[in-house]
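One structure below.
Any read-out appearing in this document is the output of simple, stated calculations on the displayed coordinates, not a laboratory observation. The structure displayed is predicted, hence computed values, not measured ones. Neighbour counts run over all protein chains shown; Cβ positions are idealised from the backbone, glycine included.
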Amino acid sequence: MTQSSHAFVILAAGKGSRMLSDRPKVLHQVGSLPLLGHALRSTEPLNPARLIVVAGHGAEAVEAATARLAPAARTVRQTEQLGTAHAVDQARDLLADFDGDVTVLYGDTPFIRTETLERMNAARQDGADVVILGFDTPDPGRYGRLMITDGDRLHRIVEFKDASPEERAVTLCNSGVVMAPAALLFDLIAQVGNANASEEYYLTDIVGLANDRGLTCRAVTCDPAETLGINTRAELAGAEAVFQAARRAELMAAGVTLTAPETVFLSADTRIDPDCVIEPNVVFGPGVTLAPNVTIRSFSHLEGATVASGAVVGPYARLRPGARLSEDTRVGNFVEVKNADLARGVKVNHLSYIGDAEIGPASNIGAGTITCNYDGFLKHKTSIGSEVFIGSNTMLVAPVSIGDGANTGSGSVITRDVPEGALAIARARQDNKPGLATRLRDMLRQKKAALAAEKQE
Ligand code: UD1
Ligand code: MG
């Protein structure tokens with residue numbers, strides 16, 4: 001498809017009543033991305049000339065999400081849901097001067113593949129005036145049925161509610177995806193009425209209307225899995241499972257080791273390079289990028305993090321947004337890193353919180369170290385130089401900086417900057433009282449014996 005030839009209209013006005021949700025259906029997520037985001041993404045490789053989202057229920061939220069997910073997209077509102085043809089009609093003005101093709105997608109159908117849209121386009125190039133995406137299934141349920149005649153010509157689409165028993169026996173179903181030249185599409189839509197079982201303006205009626213004009217309609221078919229639409233929470237979970245299985249398979253095919261693939265959860269934008277090893281039970285939230293040769297050990301949770309080659313993370317690590325780990329870093333068990341740059345070779349191996357920080361190359365952060373970054377109102381930064389040794393259980397009260405090659409004594413509460421090469425000790429001085437422990441123990445033992453004797457009397 002060329003740069004200027006294609007516009008997309010994504011229908012997203014429906015309520016999604018069966019989700020039982022305050023949130024518009026198209027904003028429920030699969031792979032940490034709203035369903036609408038999946039539909040928008042499927043158009044990306046085709047360089048859409050125009051992208052229009054039809055919002056209705058929860059329009060404000062859908063409009064805000066559209067602006068975030070696809071800044072180039074426009075939105076229109078369908079205030080009353082009078083049917084799919086009426087929904088597409090809302091984009092008429094925005095496409096009045098558009099002379100390319102329009103493809104209609106549904107916002108709640110996240111898995112249509114770009115290649116499938118390419119095949120529909122090929123059918124258009126081949127001379128079909130209207131191209132419909134269909135799928136054949138042994139279990140056609142309540143889908144609209146495609147009536148094929150004269151070899152491969154699509155004659156009509158019959159909605160389930162309006163279909164005769166013979167028509168219901170047809171297993172070739174309508175996915176909802178339609179491709180047609182803009183002018184023809186809106187011309188046909190203008191002719192659609194609502195004299196049917198649902199009293200709705202059916203987009204599917206354009207096929208019969210086009211045939212009446214002697215135009216050619218064809219169906220391109222795809223795997224039913226692609227046309228999976230989401231109407232319930234159970235279908236959402238089913239879609240999540242399908243999505244996860246596909247992404248895991250893609251990663252493994254691209255050279256990533258997933259020890260127990262079914263326990264690794266990915267986001268739509270997760271990027272993992274070859275030769276990474278992902279141990280069991282790892283969750284990738286949005287925005288994670290792993291360079292080659294990274295190991296993520298079991299039970300780790302990553303989100304908004306960038307990890308360079310040779311790093312080992314976990315087990316039981318949490319990388320939060322803005323965690324940037326350079327080559328050969330180590331982030332071990334029960335360590336949380338947020339908005340922090342860890343330079344090459346930094347080790348934070350145990351039980352630490354590193355937030356709003358910068359740590360220079362080859363520094364070692366002892367167990368139990370906390371960057372105290374928040375004073376209840378503002379966040380403050382901790383800067384740690386190169387080859388620094390932070391003793392176990394150091395509290396770094398930000399804003400604070402530790403110079404190159406400095407050490408902190410274990411258990412220190414560091415509130416002032418530490419110069420380069422200095423050893424900072426900020427804890428109560430130790431005082432040994434000779435024999436006091438033995439005397440104390442004797443005293444307590446006698447007290448316990450006296451109490452026991454009293455009880456017996
Ligand atoms: C539609 C098709 C049917 C097809 C099925 C595939 C029509 C008349 N029927 O039926 O042939 O097999 O999809 O899933 O097109 N929407 C709006 N505004 C409206 C109505 C719908 O934005 O006024 C949106 C919905 O939010 C949804 C999509 O359009 O994303 C489809 O609408 P839906 O009501 O689910 O249509 P179906 O009855 O499933
Ligand atoms: Mg539907």
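Net length available on complete extension from ALA183 to ASP431 is 80.3 nm, with 0.36 nm assigned per residue and the Cα-Cα distance removed.
The relative contact order of the chain comes to 8 percent, based on Cα pairs under 8 Å that sit 6 or more residues apart. Among beta bridges from DSSP that stay inside the chain, the antiparallel ones total about 20%.
Calculated from the alpha-carbon coordinates, the range 18-101 shows an Rg and a Dmax of 13.1, 40 Å respectively. Sort the chain into rounded, prolate or oblate with this rule: let a ≥ b ≥ c be the square roots of the eigenvalues of the Cα gyration tensor; rounded if a/c is under 1.5, and if a/c is not under 1.5, prolate when a/b is larger than b/c, oblate otherwise. Judged from the Cα gyration tensor, the chain comes out prolate (a/c at least 1.5, a/b above b/c).
Can you figure out the FRET efficiency of THR114 with ARG168, using R₀ = 35 Å and their beta-carbon distance, to the nearest 0.05? Efficiency at R0 = 35 Å is approximately 0.65.
Counted over the range 322-416 with a bin width of 5 Å, the fraction of Cα pairs per bin, in whole percents, is 4, 16, 28, 32, 15, 5, 1. From the alpha carbon centroid of the range 162-225 to that of the range 360-381 is 61 Å. For the chain, the membrane-span-like helices by this rule, meaning whole DSSP H stretches whose C-alpha atoms cover at least 18 Å of axis and whose Kyte-Doolittle mean is -0.5 or above, are 233-253; this says nothing about an actual membrane.
Diffusion coefficient (Stokes-Einstein, Kirkwood radius over C-alpha pairs, 4 °C, 1.567 mPa s) for the range 198-278: 79 µm²/s, rounded to a whole number. Remark: spin-label model distance ASP126-GLU250 equals 2.7 nm, labels positioned 7 Å along the Cα→Cβ axis. Relative to the current alpha-carbon distance between GLU454 and THR257, full extension at 0.36 nm per residue lengthens the span by 64.1 nm.
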